[in-house]
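Visitor: Dropping a structure here in structure tokens format, bear with me for questions.
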Amino acid sequence: GNNNVGELFTGKALDFDGVDDYVDVDGFQMTGTNATFAFWFNSNDTLGRFFDTVKDLSDNRLILSFNNNQISILDDTLSWFNFGSVTTNVWNRCVITIKGTTAKCFVNGVQLGVEKTISTIDLSLNTDAAIGSHVFGTQSYFDGSFSDFQIYDKVWLNDDVTYDYANPQNLVTDRSGTSIALSNLKGYWHLSEGDGSLVYDSSGEGNNGTINGATYVDAQPRIPQLGMMNWAKSTPVADEITLIPNPTIPT
């Protein structure tokens, strides 16, 4: 009753320096004209790209970006659409949905600005994709951190967005009554491996990403801790935890 609220600093994230860091996820493709992008981000600047994917520089283009402190989307006509501003230097959960020619943005479970009318997306022929920079890793570098980056080929409803923000340890597919299935998950990068040069795609699509310069940071608030936990006291455990029936519990 004394308002001494505690906050867990357990999340792990991938940090980008805004100079030359990015993750190469070339090969990412997705059919259809509907999509949902969901990710945690903490920006130290007012510029920088979240996600960039393209067939060539003037065809099959889609960019999600931080543009003068506003979350923005660029479509196939090379037109920018700004949803609205968000606070920097704090963690935000961003969800962008695209249904045909209608795009919406949600931040921390609440819609940001108004829906935008964009050109129909087609990501089925893309050859290049990147997280945190221009698609070719040459400019528009993001300065800040990302975690839990998910892409679906189906549009989340408002209830899905609300559930996702309130239950960061769960996928939206866990929500009772949702129409989103695991088969709709086409890209899922935890960005919490903590070491190595790869970020693994947990969607089953096999689009593992290559880290270029970005480094991991620990003890982040709000975002979920999605990395593997090793419960062994001595030798590492590879893939399992052995349960001992009727163990003797020391007093």
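Visitor: Roughly how far apart, in whole Å, are the Cα centres of the range 171-213 and the range 118-133?
Guide: Answer, in whole Å: 17.
Visitor: Report the calculated FRET efficiency for N69 and Q139 (r = Cβ-Cβ distance, R0 = 22 Å), to the nearest 0.05.
Guide: Result of the calculation: an efficiency of 0.75.
Visitor: When all alpha-carbon pairs of the range 1-77 are counted, what percent fall beyond 19 Å?
Guide: Values: 1507 of 2926 pairs.
Cα-Cα pairs of the range 1-77 separated by over 19 Å account for 52 percent.
Visitor: With only alpha-carbon atoms in the gyration tensor, what are the semi-axes of the equivalent ellipsoid for the range 39-195, in Å, largest first?
Guide: 22, 19, 16
Visitor: Could I ask something else about it? For the range 112-126, what does the Karplus curve 6.51 cos²θ - 1.76 cosθ + 1.60, with θ = phi - 60°, yield as ³J(HN,Hα) per residue in whole Hz, taken in order and with x for Gly and Pro?
Guide: 9, x, 10, 5, 10, 9, 10, 6, 5, 7, 8, 9, 7, 10, 5
Visitor: Moving on. Which semi-axis lengths, in whole Å and largest first, follow from the square roots of five times the eigenvalues of the Cα gyration tensor of the range 107-236?
Guide: Values: eigenvalues 130, 96, 50 Å².
In descending order, the three semi-axes are 26, 22, 16 Å.
Visitor: Then there's this: With N set to the residue count of the range 55-124, report its C-alpha Rg divided by 2.2 N^0.38 Å to two decimal places.
Guide: Taking N as the residue count of the range 55-124, the ratio is 1.11.
Visitor: To continue, here is another question. Want the number for S119 to N89: 0.36 nm per residue separation, take away the alpha-carbon distance, what's left?
Guide: On the way: separation 30, 0.36 × 30 = 10.80 nm, distance 3.18 nm.
Stretched out fully, the S119 to N89 stretch lengthens by 7.6 nm.
Visitor: Counting only protein heavy atoms, what percent of the accessible surface of the chain is carbon or sulfur at a 1.4 Å probe? Before the final figure, lay out the partial values.
Guide: Working: 6030 of 12280 Å².
Percent of accessible area from carbon and sulfur atoms in the chain: 49.
Visitor: I want to check the label-to-label distance for L182 and V217. Put each point 7 Å from Cα in the C-beta direction and report it in nm to one decimal.
Guide: The two pseudo-label positions are separated by 3.3 nm.
Visitor: Can I ask one more? Report the charge-dipole magnitude of the chain in Debye, nearest 20, computed about the Cα centre from +1 at each Lys and Arg Cβ and -1 at each Asp and Glu Cβ. Before the final figure, lay out each step's value.
Guide: Numbers: 13 positive and 30 negative charges, 148 e Å.
The dipole magnitude comes to about 700 debye.
Visitor: Given Cβ point charges of +1 (Lys, Arg) and -1 (Asp, Glu) and nothing else, what value in debye, to the nearest 20, does the dipole of the range 68-163 about its Cα centre take?
Guide: Values: 5 positive and 10 negative charges, 44 e Å.
Its charge dipole is roughly 220 debye.
Visitor: Oh, and also: For a quick check: with amide H placed at 1.01 Å from N, whose amide H comes under 5 Å from L198's, ignoring anything fewer than 5 positions away on the same chain?
Guide: It is I211, by chain and number.
Visitor: How many Å² of accessible area per residue for the chain, probe 1.4 Å?
Guide: So the chain comes to 49 Å² accessible per residue, rounded to a whole number.
Visitor: Report the label-to-label distance for D195 and K99 in nanometres (one decimal), using points 7 Å from each Cα along the Cα→Cβ vector.
Guide: Between D195 and K99, the label points sit 4.5 nm apart.
Visitor: Test of understanding: what is the full-extension gain from N4 to N44, defined as 0.36 nm times their sequence separation minus their Cα-Cα distance?
Guide: Length difference between fully extended and current span is 11.6 nm.
The values are calculated or read from the model by the stated rules, or taken from the named source; none is laboratory data. Predicted model only: the values in this text are computed from it and were never measured. Note that we place each Cβ from the backbone using ideal geometry, even for glycine, and neighbour counts take in every protein chain shown. Note: areas computed on protein heavy atoms with side chains; ligands, DNA, RNA excluded. Shrake-Rupley method; radii C 1.70, N 1.55, O 1.52, S 1.80 Å.
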